[in-house]
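K.L.:
Just dropping this structure here.
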Ligand SMILES: C[S@@+](CC[C@H](N)C(=O)[O-])C[C@H]1O[C@@H](n2cnc3c(N)ncnc32)[C@H](O)[C@@H]1O
């Protein structure tokens, strides 16, 4: 090895050889990020990460048999993930390394959210040329929007929003754009007297939730149905009189027509006059700060812009609430993460 290195240095010169190595390593960060993410997704979205966390290790032969996967392709993926230190291969079994366990913890939701928006990246050139349009030709993977967002929001947004709901003694919660229902699930877990209903207009999301509810519905205190929040048609009959309406990261999808959000908030107040609103939303971060601290918000903005969603500033949200005759009872805006939480009551 040493002889070969000396030969290369003689051929290229030390300075050029060292610079080349450094530059390759710089590029490799991005190439590896792409390859590693793609391979990691295969394990995550097929339940392999969950099984590894539960069982500690998995037999490759068994996995191939259960999933009907091609051994040569799975071998290539596992060999690569072992090479970059995310899993450890030992004969027929593999397990997560410490680095793999880290990825399966807090950042997991980020991987899942990126997987949800992957069709935008796979079709980036078609989006750029206008050959394809998001919504018409390209859709995000909605279940993974729900699961990824639900997992990430469990880290800060939901604890804050749940505290707002419970501190104000609310007992009947309607969650708009409920995704995988992680927010109401946590509320039902925290308080035995609370009853929650989630609505989402995406049939795949609702089908996913019904599967979850079949396993755990907190003795009938948690339910969901497919509905558009702008019409709220076909709500089941057996719902309580809601005294709280929650929405986490749902309204920004309509920011380009903010008058619709204002009208919706007014309609909801007329229908449930005693309801308090607990809203969690993205709040635009200062671009100068973001350039100095290039956090995951950059990727998040990219997904949103590619899928024609807008991020509003905290002030934009305050203006919308004021126009909807709501006054802010409590506000927590975190500029560092670009997220804000508002408890609102009719003015
Ligand atoms: C970004 S996800 C947020 C999901 C969930 N609230 C969370 O905290 O993770 C937005 C959700 O709102 C739903 N949604 C968007 N527009 C809606 C509408 N008009 N009526 C009902 N649900 C809607 C989407 O299907 C999606 O599941």
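Each reported figure results from applying straightforward, stated rules to the coordinates on display, with no laboratory input. Source: prediction; values computed, not measured. Quick reminder, even Gly has a Cβ in these numbers, built from the backbone with ideal geometry, and neighbours come from all protein chains shown.
K.L.:
If a/c stays under 1.5 just call it rounded; otherwise compare a/b with b/c (prolate if a/b is bigger, oblate if not). Do that for the stretch 146-259, with a ≥ b ≥ c from the square roots of the Cα gyration tensor eigenvalues.
P.N.:
Numbers: a/c = 1.26, a/b = 1.12, b/c = 1.12.
Rounded, because the longest to shortest axis ratio a/c is under 1.5.
K.L.:
Same structure, new question: Can you work out the FRET efficiency for the pair residue 28 and residue 93, with r the C-beta to C-beta distance and R0 = 30 Å, to the nearest 0.05? Let's see the in-between values first.
P.N.:
Working: r = 29 Å, r/R0 = 0.96.
FRET efficiency, residue 28 to residue 93: 0.55.
K.L.:
Output the Kirkwood hydrodynamic radius of the stretch 2-103, Cα pairs only, in Å rounded to one decimal. Don't skip to the end; give the middle numbers.
P.N.:
On the way: mean 1/r = 0.0637 Å⁻¹.
Result for the stretch 2-103 stands at 15.7 Å.
K.L.:
Please give the length that would be gained between residue 332 and residue 167 if that part of the chain were fully extended, namely 0.36 nm times their separation in residues minus their C-alpha to C-alpha distance (nm, one decimal). Mind dumping the intermediate values first?
P.N.:
Working: separation 165, 0.36 × 165 = 59.40 nm, distance 1.46 nm.
Between residue 332 and residue 167, full extension yields 57.9 nm more.
K.L.:
If you don't mind, there's one more thing I want to ask. Report the Stokes-Einstein translational diffusion coefficient (µm² s⁻¹, integer) for the stretch 142-346, Rh taken as the Kirkwood radius over Cα pairs, at 37 °C with viscosity 0.692 mPa s. Each step should come with its number before you reach the end.
P.N.:
Details: Rh = 17.2 Å.
After rounding, the answer is 191 µm²/s.
K.L.:
Fully extended, how many nm does the chain gain between residue 125 and residue 259 (0.36 nm per residue separation, minus their Cα-Cα distance)?
P.N.:
Numbers: separation 134, 0.36 × 134 = 48.24 nm, distance 3.27 nm.
In short, 45.0 nm is gained.
K.L.:
Pop the C-beta distance of residue 59 and residue 219 into the FRET formula with R0 = 35 Å and round what comes out to the nearest 0.05.
P.N.:
On the way: r = 38 Å, r/R0 = 1.09.
For residue 59 and residue 219, the calculated efficiency is 0.35.
K.L.:
At 0.36 nm per residue, and after removing the present C-alpha to C-alpha distance, how many nm does the segment from residue 10 to residue 231 gain when stretched out fully?
P.N.:
Details: separation 221, 0.36 × 221 = 79.56 nm, distance 7.41 nm.
Roughly 72.1 nm would be gained on extension.
K.L.:
Using a Förster distance of 45 Å, how high is the FRET efficiency between residue 101 and residue 325, based on the Cβ-Cβ distance and rounded to 0.05? Working shown, then result.
P.N.:
Details: r = 49 Å, r/R0 = 1.09.
FRET efficiency, residue 101 to residue 325: 0.40.
K.L.:
Rg/Rh for the stretch 204-261: what does it come to with C-alpha atoms and Rh from Kirkwood?
P.N.:
Working: Rg = 13.7 Å, Rh = 13.6 Å.
Ratio value, two decimals: 1.00.
K.L.:
Testing the spin-label approximation: label points 7 Å from Cα along Cα→Cβ at residue 3 and residue 210. State their distance in nm.
P.N.:
About 7.1 nm separates the two model spin labels.
K.L.:
How big is Rg to Rh over the chain, alpha-carbon atoms, Rh as the Kirkwood inverse-mean-distance radius?
P.N.:
Working: Rg = 23.8 Å, Rh = 22.8 Å.
Value, to two decimals: 1.04.
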